[in-house]
Amino acid sequence: MTSDIRGRGQAGVTAESGSQAALDYYLITPAAGTDGAPAEGIVVEEFTLTEDFRTVGLDTAGWTAADGVWWSSAAFGRAMREDPGLRTRVRAVSRPEAEAAYRDLGGGELPGETRLRALFHDHQPLPDSPPLRLNPPRVPDGFHDTRVYRVLFAGEPHLSRLADVVTLAVEAGDPRTRVVGTGELRTASNVLTWDVRRIGPGAACSVDLTAHLGTTSDEPLRPLLRRLTTVMRHAGAVPVTVERFS
């Protein structure tokens, strides 16, 4: 299946299948006023997803250079999303960046993802319910199904870092602007569109995805949701949950 980004989409977005799931990595940076100081540790996370990509749980583990041991903490995962002060101290990074930081902090070689998953001992269940369909879904002619998802984030992304996945609105920098950017992906049989939306200035935001699927396969959704979430993470927002509305 080939993809074609048209109009509002960007070349960095694809819907190729077969992408390997990966953990989310963050660095714990020093408190404000300690510019230039090395990172204090690493956080690794993974959401538990249903078959239709809703989130039903979160696992969080971390390692700090001060004590040199790994820990698992649902409370820390919640704090990353609820405490604005802590949220400013966690920075999303790639696995290679996490590996380099771990070595620099004296940890040696960062364990592989299978080993890291074995460190998750304090699972955090997340609220979940099947999509509420009061009426039959409105599926446009020529499509098999229509789905609507919301990926909710704590905090607000740096808008300049979203260029790979959205076209920013002219007034995106105005905190009163709700929809700050839009994107679109067309494949041979699917039309996928999304909005990046402010929910509360500086407090929360979302990616709202509408997927018109031309076949019974929903495989394009997994890598796209992952890609959009990763870009938002690296722009400074922290993912909270994925909900399905239809």
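The values are calculated or read from the model by the stated rules, or taken from the named source; none is laboratory data. This is a predicted model, so every value here is computed, not measured. Glycine gets a Cβ as well: all are built from the backbone with ideal geometry, and neighbour counts include every protein chain shown. Areas reflect the complete protein model, heavy atoms only, side chains present, ligands, DNA and RNA absent. Shrake-Rupley method; radii C 1.70, N 1.55, O 1.52, S 1.80 Å.
Return the residue satisfying two criteria in turn: it lies in region 187-209 and is hydroxyl-bearing (Ser, Thr, Tyr) and modelled with pLDDT of 95 or more, and of such residues it is least open to solvent (accessible area, probe 1.4 Å). Lay out the reasoning, then the answer.
As a first pass, look at region 187-209 and keep what is hydroxyl-bearing (Ser, Thr, Tyr): 187, 189, 193, 206.
Add one more test, that the residue is modelled with pLDDT of 95 or more, and what stays is 193, 206.
Working: Thr193: 31, Ser206: 0 Å².
Per the criteria, the residue is Ser206.
Output the number of the condition that Pro223 fails; it satisfies all remaining conditions of (1) open to solvent by 40 Å² or more (accessible area, probe 1.4 Å); (2) over 14 Å from Phe153 (Cβ atoms); (3) under 20 Å from the mean Cα position of the chain (by Cα).
Here Pro223 clears every test but (1).
Answer with yes or no whether His121 is open to solvent by 30 Å² or more (accessible area, probe 1.4 Å), under 24 Å from Arg226 (Cβ atoms) and not in a helix (DSSP H, G or I).
On the way: open to solvent by 30 Å² or more (accessible area, probe 1.4 Å): yes; under 24 Å from Arg226 (Cβ atoms): no; not in a helix (DSSP H, G or I): yes.
No; evaluated as a whole, the condition is false for this residue.
Restricting to region 187-200, name every residue that is more than 10 Å from His212 (Cβ to Cβ) and either part of a strand (DSSP E or B) or touching a strand residue (DSSP E or B) at 6+ places or on another chain (Cβ under 8 Å) (or both). Full working, then the answer.
In the first step, residues of region 187-200 are kept if they are more than 10 Å from His212 (Cβ to Cβ); the result is 187-188, 194-200.
Selection gives Thr187, Trp194, Asp195, Val196, Arg197, Arg198, Ile199, Gly200.
For region 226-246, how many residues are within 21 Å of Glu45 (Cα to Cα) and open to solvent by 30 Å² or more (accessible area, probe 1.4 Å)?
Step one: of region 226-246, the residues within 21 Å of Glu45 (Cα to Cα) are 226-243.
Next cut, open to solvent by 30 Å² or more (accessible area, probe 1.4 Å) only: 226-227, 230, 234, 236, 240, 243.
Result for region 226-246: 7.
Identify all residues within region 14-48 that are at pLDDT below 95, of a type in the set (A, V, I, L, M), surrounded by fewer than 18 Cβ atoms within 10 Å (Cβ to Cβ) and closer than 29 Å to Glu184 by Cα; write none if there are none.
Selection gives Ala21, Ala22.
Would you check if Thr230 is out of contact with any strand residue (DSSP E or B) (no Cβ under 6 Å at 6 or more places or on another chain) and not in a loop (DSSP other than H, G, I, E, B)?
yes
Return the residue satisfying two criteria in turn: it lies in region 62-93 and is under 17 Å from Arg233 (Cα atoms) and touching a helix residue (DSSP H, G or I) at 6+ places or on another chain (Cβ under 8 Å), and of such residues it is surrounded by the most Cβ atoms within 10 Å (Cβ to Cβ).
Met80
Against the condition in a loop (DSSP other than H, G, I, E, B) and either farther than 27 Å from Glu99 by Cα or among the aromatic types (Phe, Trp, Tyr) (or both), how does Gly183 come out, does it pass?
Working: in a loop (DSSP other than H, G, I, E, B): no; either farther than 27 Å from Glu99 by Cα or among the aromatic types (Phe, Trp, Tyr) (or both): yes.
Considered against the rule, which asks whether it is in a loop (DSSP other than H, G, I, E, B) and either farther than 27 Å from Glu99 by Cα or among the aromatic types (Phe, Trp, Tyr) (or both), Gly183 comes out as no.
Being over 19 Å from Glu113 (Cβ atoms) and either in a helix (DSSP H, G or I) or touching an Asp or Glu at 6+ places or on another chain (Cβ under 8 Å) (or both) is the filter here; which residues of region 54-72 pass it?
Arg54, Val56, Thr64, Ala65, Ala66
Looking only at residues in region 142-178 that are closer than 27 Å to Leu86 by Cα and among the polar types (S, T, N, Q), which one is surrounded by the fewest Cβ atoms within 10 Å (Cβ to Cβ)?
Ser160
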